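Working notes for the structure below.
Please treat every number below as a calculation from the coordinates, not as lab data. Since we're looking at a predicted model, the values are computed, not measured. Cβ: placed from backbone, ideal geometry, glycine included. Neighbour counts: every protein chain shown.
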Amino acid sequence: MKGFWNLVGFEYKKILLKRSVQVTLLLSVLITALSVLATLLGDYYVDGKPYESNYEGMVKDRTYARKLSKRPLDTELIMETVNAYAEIPESDVYQSTQEFQTIARPYSQIYGTIRSVFNTASKRFNMEDFQVLTEAQADGYYSTRHEKMSEHILQTHMSENAKKRVIEMDEQIKTPLTFSYVDGYTRFFVMINSLGLFSAFAIAICVAPLFSGEYTSGADQLILSAKYGKNRLIVAKIFTGFSLSAIWGLIQITLAFCLSLAVFGSDGGNAPLQLYAILSPYSLTMSQTAILLMVVSLCAYLMTSAITMLLSAKLGSPFGVIILVSVLLIAPMLGSVSEKNILLYNLYHLFPTQMTSLTSVVDVIQYEIGSLVLPPYMALSLFGIAVSILLTPLAYRTFKKHQIA
């Protein structure tokens with residue numbers, strides 16, 4: 001066993017001592033940190049003039065939201081918000097009014113949550129509509145939300161069994177929701193998809209030379225003719241690829257999560273997901289959602305590693321491997337697939353960089369295998385693990401059977 005770990009250590013050294021890998025990993029960390037902080041850079045403008053820095057605005061809105069935290073989002077709080085917004089006079093840019101900044105702004109996060117339920121396909125529920133929201137509408141807020149959710153589910157092309165399951169999940173959500181400041185979590189949710197691209201690309205650069213690098217250097221002749229060349233060394237390479245991908249992915253995810261909470265605030269871990277995605281049917285808290293995103297993302301990274309290792313074993317150049325993996329990662333982000341074709345829609349979300357998106361992980365559309373109905377976060381995780389397991393022996397055999405020149 002000691003010999004195996006020595007081989008793994010040797011593979012790690014070969015990867016991590018490369019200047020290109022060191023630069024890639026450093027840039028990946030810097031990009032992650034910048035992604036967290038990007039929205040706080042610069043100023044917020046009113047009437048073409050700087051009103052406050054984005055950081056000052058975040059602190060102010062956080063203070064306002066914290067004062068309302070732990071209050072039930074019920075008729076009383078909804079009407080309190082409506083009355084505050086009703087004070088805003090008619091204006092081309094209502095955010096520039098003194099009334100918004102002093103009276104309505106403390107309720108701005110609640111306004112965003114409430115308004116979206118009343119949007120329709122034909123009409124956007126704007127601020128003027130919100131100002132005249134009636135108490136009867138406020139009383140029926142959660143009924144309106146559930147009806148809208150149910151209508152959307154029934155219009156999908158899922159099976160009746162899947163539709164029933166999703167509607168039942170939505171009915172289990174406890175209402176009224178309890179309001180909380182959740183921007184630390186929502187910042188993490190927003191950035192994790194781009195983080196997935198950077199992390200997966202860094203993993204591809206690290207793993208691509210595992211096998212193909214031996215071809216270009218001519219070391220494959222020595223490896224495949226050595227005592228352990230066709231078994232232990234290949235297993236050590238595969239273990240290195242998966243472990244490095246898991247470790248690096250975990251570092252990146254942990255860094256992004258901790259930075260988001262450190263900068264924006266760690267409040268709201270027990271708050272319902274609906275404060276961010278009001279029409280989500282899942283009875284999840286913010287912290288539970290974050291954990292699910294992390295797990296699915298790690299599965300996506302492992303799958304990316306497995307694909308990279310298979311290509312590395314097949315191709316004669318690490319550069320070619322990186323190009324192909326880059327296309328696999330970037331191409332799906334340039335388009336979309338309609339929900340009308342459930343099969344293609346679900347397949348589309350199985351690409352690595354789609355798996356790391358919050359919308360994919362907690363999508364309304366379920367994955368169905370016969371009579372089995374799986375929520376997206378479970379189906380994506382299982383798919384990532386299954387692909388990794390299936391491709392591993394292919395990579396092993398491909399390199400083992402490689403013909404020495």
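Quick one: if you stick a label point 7 Å off each Cα along the C-beta vector at ALA136 and LEU41, how many nm between them?
5.1
Do any trypsin sites (Lys or Arg not before Pro) in region 305-405 lie in a DSSP loop with no more than 12 other beta carbon atoms within 10 Å, and if so, which? Write down the numbers at each step before the final one.
Values: sites: LYS314, LYS340, ARG397, LYS400, LYS401; in loops: LYS340, LYS401.
Sites meeting the loop and neighbour criteria: LYS340, LYS401.
What is the fewest-to-most order of LEU394, LEU195 by other Cβ atoms lying within 10 Å of their Cβ? Walk me through the numbers on the way to the answer.
Values: LEU394 14, LEU195 24.
If I rank by nearby Cβ atoms, fewest first, I get LEU394, LEU195.
If you take the Cα atoms of region 43-171, find Rg, then find the Kirkwood Rh from the mean of 1/r over all pairs, what is Rg/Rh?
Computed over Cα atoms, the ratio is 1.06.
Order of SER360, SER194, SER28 from fewest to most other C-beta atoms within 10 Å?
Ascending number of Cβ neighbours within 10 Å: SER194, SER28, SER360.
Using Cα pairs under 8 angstrom and six or more residues apart, how large is the relative contact order of the chain, in percent?
20
For the chain, modelled as a GNM with alpha-carbon contacts under 10 angstrom, which of CYS258, CYS206, CYS299 fluctuates the most?
Comparing CYS258, CYS206, CYS299 in a Gaussian network model of the chain, the most mobile one is CYS258.
With 10 angstrom as the radius, rank ARG124, ARG19, ARG187 by how many other C-beta atoms surround their C-beta, starting from the fewest.
Neighbour counts put them in this order, fewest first: ARG19, ARG124, ARG187.
What's the FRET efficiency of TYR64 with SER283 using the Cβ-Cβ distance as r and R₀ = 25 Å, to the nearest 0.05?
The value I calculate is 0.35.
Eight or more residues apart or on different chains, and alpha-carbon atoms under 25 Å: count the Lys pairs in region 43-171 matching that. Provide the component values of the computation, followed by the final result.
Working: LYS49/LYS60; LYS60/LYS70; LYS123/LYS148; LYS148/LYS163; LYS148/LYS164.
Total qualifying Lys-Lys pairs in region 43-171 comes to 5.
Calculate, for LYS164 and SER122, the FRET efficiency according to 1/(1 + (r/R0)^6) with r their C-beta to C-beta distance and R0 25 Å; round to the nearest 0.05.
Computed FRET efficiency for LYS164 and SER122 comes out at 0.35.
Quick check: pseudo-label points 7 Å beyond the Cα along Cα→Cβ at GLU90 and LEU382, how many nm apart are they?
Modelled inter-label distance: 5.8 nm.
What order do you get for 368-380, 272-284 when each peptide is scored by the mean count of other beta carbon atoms within 10 Å, highest first?
In descending order of packing, they fall as 272-284, 368-380.
Just to check, using Stokes-Einstein with a Kirkwood Rh over alpha carbon pairs, what's the diffusion coefficient of the chain at 4 °C and 1.567 mPa s in µm²/s?
Rounded, D is 54 µm²/s.
Between SER336 and LEU255, what is 0.36 nm times their sequence separation minus the Cα-Cα distance? Round to one decimal in nm.
26.2 nm
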